[in-house]
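Engineer: I'd like to ask you about the structure that follows.
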Amino acid sequence: MAKKYQTYSIIIPSFNRSEEIRDLLHSLDDLNFPRDRFEVIVADDGSTDDTKDVVSQAQKSVSYHLHYVSQKNQGPGAARNLGMQNARGDFFIFVDSDVTVPPDWLREIDRALHEQQADAFGGPDTFRRDFPALLKAINYSMTSFITTGGLRGKKGKKIARYYPRSFNMGLSRAVWQKIGGFSSLRHGQDIEYSHRILKSEAKVIFIADAPVFHKRRTNLRRFFRQVFNWGVARINLYKIDDQMLELVHALPALATLFVLLVLLLAMVWPATRPLFWLTVGFSILLIVFSMIDSVLKYKEIKPALYLPVVIPAQIFGYGLGFIYNYIRRVIFKKGAKIGFYKNYYK
């Protein structure tokens, strides 16, 4: 259970993300929280850029305890494990290198953990007003109920079990000592870890008032590869424990199959073309509704103009990854497929 005045270790896995690390470390220096109650650990996964120098410079200027530890290209899960092994806090918090935090972020986490006596938590990700239009469009697609059903954490009722995600999650030292560290999975390791936290009967809460500003991927190609990997990862998670696959997780794959089937039938069987045009019309209405909702949310038009590309990229990217790995692992009983392994951090 969360105790009053507990200390926190904020762990950041990183690989060749020195500019992101610089921004994140600066935002952590603006936290409205006692400096003797938290430390920051950059767990570097063998970067070849100037990450070490960036951290070294930050150690001279920030007002909190900042540590640098490194390993040789073992993956983000192993980097987080390295961070936990070197942490001194009562509670471990993970954030990704491509986020920044608002000043009250840690104070809200501390308040919620104490008030609800929780053992672990997850928090939301959102956008900053100065994000470029494409990143706002990706943020909309990744957080909208239309495309995710609130799976990444929202207030109110969820349509599937909520799993804290590693861009903004934490657990107590006691839970870590009970369940161990992250697995060797390249993609989806945070979901698998959250699943073990939940199975340990730890009390897990969602802290809606502790968001991080998530920059995400910087172009459509990287975004597509990311969501494709998530589709692949969902089947790998299912093969570990079938409780990690719910019907809602298959909806993008079912939508992808439906669209492909309708398109094929329209080409070879003219009688099905009304169904094709009905599908096109429904898709246009869905995207137009999303664009209007985006304009109301961001109070600007530019992010909405990306949604006709971003939303299909998310749905079909995830759906194709899911279908591909389902056929490979479930139907043909082949070994694990990890997606774009060499380009995990890109």
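Engineer: Take the stretch 11-38 and flag every residue that is part of a helix (DSSP H, G or I) and open to solvent by 20 Å² or more (accessible area, probe 1.4 Å).
Structural biologist: Initially, the stretch 11-38 is screened for residues part of a helix (DSSP H, G or I), giving 18-28, 35-37.
The answer is Glu19, Glu20, Arg22, Asp23, His26, Arg35, Asp36, Arg37.
Engineer: Could I ask something else about it? Can Phe282 be described as part of a helix (DSSP H, G or I), of a type in the set (Phe, Trp, Tyr) and closer than 30 Å to Arg161 by Cβ?
Structural biologist: Yes; evaluated as a whole, the condition is true for this residue.
Engineer: Looking at Val268, Val330, Val295, Val310, can you tell me which residue is in contact (Cβ under 8 Å) with a residue 24 or more places away in the chain and surrounded by fewer than 18 Cβ atoms within 10 Å (Cβ to Cβ)? Write out each step before concluding.
Structural biologist: Details: Val268 fails: in contact (Cβ under 8 Å) with a residue 24 or more places away in the chain; Val295 fails: in contact (Cβ under 8 Å) with a residue 24 or more places away in the chain; Val310 fails: surrounded by fewer than 18 Cβ atoms within 10 Å (Cβ to Cβ).
Going through Val268, Val330, Val295, Val310 in turn, just one is in contact (Cβ under 8 Å) with a residue 24 or more places away in the chain and surrounded by fewer than 18 Cβ atoms within 10 Å (Cβ to Cβ): Val330.
Engineer: Oh, and also: When only residues in the stretch 136-172 that are aliphatic (A, V, I, L, M) and open to solvent by 20 Å² or more (accessible area, probe 1.4 Å) count, which is modelled with the highest pLDDT?
Structural biologist: Of all residues in the stretch 136-172, those aliphatic (A, V, I, L, M) come to 137-138, 142, 146, 151, 159-160, 169, 171.
Then drop every residue that is not open to solvent by 20 Å² or more (accessible area, probe 1.4 Å), which leaves 146, 151, 159.
Details: Ile146: 76, Leu151: 56, Ile159: 58.
The extreme case among them is Ile146.
Engineer: Another question, then. Here is a check on your reading of the model: is Ile41 in contact with a Gly (Cβ under 9 Å, 6 or more places away or on another chain), closer than 20 Å to Asn168 by Cβ and surrounded by 15 or more Cβ atoms within 10 Å (Cβ to Cβ)? First the steps, then the outcome.
Structural biologist: Details: in contact with a Gly (Cβ under 9 Å, 6 or more places away or on another chain): yes; closer than 20 Å to Asn168 by Cβ: yes; surrounded by 15 or more Cβ atoms within 10 Å (Cβ to Cβ): yes.
Here the answer is yes, as Ile41 does meet what is asked.
Engineer: Further question: With Thr256, Thr279 as the choices, which residue is open to solvent by less than 20 Å² (accessible area, probe 1.4 Å) and at pLDDT 90 or above?
Structural biologist: Values: Thr279 fails: open to solvent by less than 20 Å² (accessible area, probe 1.4 Å).
From the options Thr256, Thr279, the qualifying one is Thr256.
Engineer: Take the stretch 231-275 and flag every residue that is more than 34 Å from the chain's Cα centre (by Cα) and among the aromatic types (Phe, Trp, Tyr).
Structural biologist: Trp269
Engineer: Consider Arg222 carefully, then state whether it is in contact (Cβ under 8 Å) with a residue 40 or more places away in the chain and crowded, with 18+ Cβ neighbours inside 10 Å. It would help to see each step written out before you state the result.
Structural biologist: Details: in contact (Cβ under 8 Å) with a residue 40 or more places away in the chain: yes; crowded, with 18+ Cβ neighbours inside 10 Å: no.
When the stated conditions are applied, Arg222 does not pass them.
Engineer: For the stretch 295-340, give me each residue that is of a type in the set (A, V, I, L, M) and in contact with a His (Cβ under 9 Å, 6 or more places away or on another chain).
Structural biologist: If we filter the stretch 295-340 for residues that are of a type in the set (A, V, I, L, M), which is where we start, we get 295-296, 301, 304-305, 307, 309-311, 313, 315, 320, 323, 327, 330-331, 336, 338.
Within the stretch 295-340, Ile338 is the sole residue that qualifies.
Engineer: Just one of Arg80, Arg17, Arg22 is modelled with pLDDT of 95 or more, under 24 Å from the mean Cα position of the chain (by Cα) and closer than 21 Å to Gln189 by Cβ; which is it? Explain how you work it out, then say what you get.
Structural biologist: Working: Arg17 fails: modelled with pLDDT of 95 or more; Arg22 fails: closer than 21 Å to Gln189 by Cβ.
Among Arg80, Arg17, Arg22, only Arg80 is modelled with pLDDT of 95 or more, under 24 Å from the mean Cα position of the chain (by Cα) and closer than 21 Å to Gln189 by Cβ.
Engineer: Considering only the stretch 175-198, how many residues are among the small types (Gly, Ala, Ser), assigned to a helix (DSSP H, G or I) and surrounded by fewer than 20 Cβ atoms within 10 Å (Cβ to Cβ)?
Structural biologist: Residues meeting the conditions: 0.
Engineer: Based on this model, can you work out whether Leu66 counts as open to solvent by 10 Å² or more (accessible area, probe 1.4 Å) and of a type in the set (A, V, I, L, M)? Break it down stepwise before answering.
Structural biologist: Details: open to solvent by 10 Å² or more (accessible area, probe 1.4 Å): yes; of a type in the set (A, V, I, L, M): yes.
Here the answer is yes, as Leu66 does meet what is asked.
Engineer: Identify the single condition in (1) touching a strand residue (DSSP E or B) at 6+ places or on another chain (Cβ under 7 Å); (2) farther than 25 Å from Lys215 by Cα; (3) modelled with pLDDT under 95 that Arg88 does not satisfy, given that it satisfies every other one.
Structural biologist: That leaves (3) as the condition not met.
Engineer: In the stretch 102-114, how many residues are surrounded by fewer than 21 Cβ atoms within 10 Å (Cβ to Cβ) and either touching a residue at least 12 places away in the same chain (Cβ under 8 Å) or assigned to a loop (DSSP other than H, G, I, E, B) (or both)?
Structural biologist: The first filter runs over the stretch 102-114 and keeps only residues surrounded by fewer than 21 Cβ atoms within 10 Å (Cβ to Cβ), leaving 102-104, 107-108, 111-112, 114.
Filter once more, keeping what is either touching a residue at least 12 places away in the same chain (Cβ under 8 Å) or assigned to a loop (DSSP other than H, G, I, E, B) (or both): 102-104, 107-108, 112, 114.
Going through the stretch 102-114 one residue at a time, the tally reaches 7.
Engineer: How many residues, within the stretch 199-217, are touching a residue at least 40 places away in the same chain (Cβ under 8 Å), assigned to a loop (DSSP other than H, G, I, E, B) and either among the polar types (S, T, N, Q) or closer than 28 Å to Lys239 by Cα (or both)?
Structural biologist: Of the residues in that region, 4 qualify.
Engineer: Would a scan of the stretch 173-185 turn up a residue that is within 19 Å of Asp125 (Cβ to Cβ) and of a type in the set (Ser, Thr, Tyr)?
Structural biologist: No, the stretch 173-185 contains no residue that is within 19 Å of Asp125 (Cβ to Cβ) and of a type in the set (Ser, Thr, Tyr).
Engineer: Let me ask another. Quick test of your reading of the structure: Leu237 fulfils all but one of (1) in contact (Cβ under 8 Å) with a residue 60 or more places away in the chain; (2) surrounded by 17 or more Cβ atoms within 10 Å (Cβ to Cβ). Name the failing condition by number.
Structural biologist: With respect to (1) in contact (Cβ under 8 Å) with a residue 60 or more places away in the chain; (2) surrounded by 17 or more Cβ atoms within 10 Å (Cβ to Cβ), Leu237 is out only on (1).
The values are calculated or read from the model by the stated rules, or taken from the named source; none is laboratory data. Only a predicted model underlies this, so the values are computations on that prediction, with no experimental measurement involved. In this analysis, Cβ positions are derived from the backbone assuming ideal geometry, glycine residues included, and neighbour counts consider all displayed protein chains. With ligands, DNA and RNA removed, areas are computed over all heavy atoms of the protein, side chains included. Shrake-Rupley method; radii C 1.70, N 1.55, O 1.52, S 1.80 Å.
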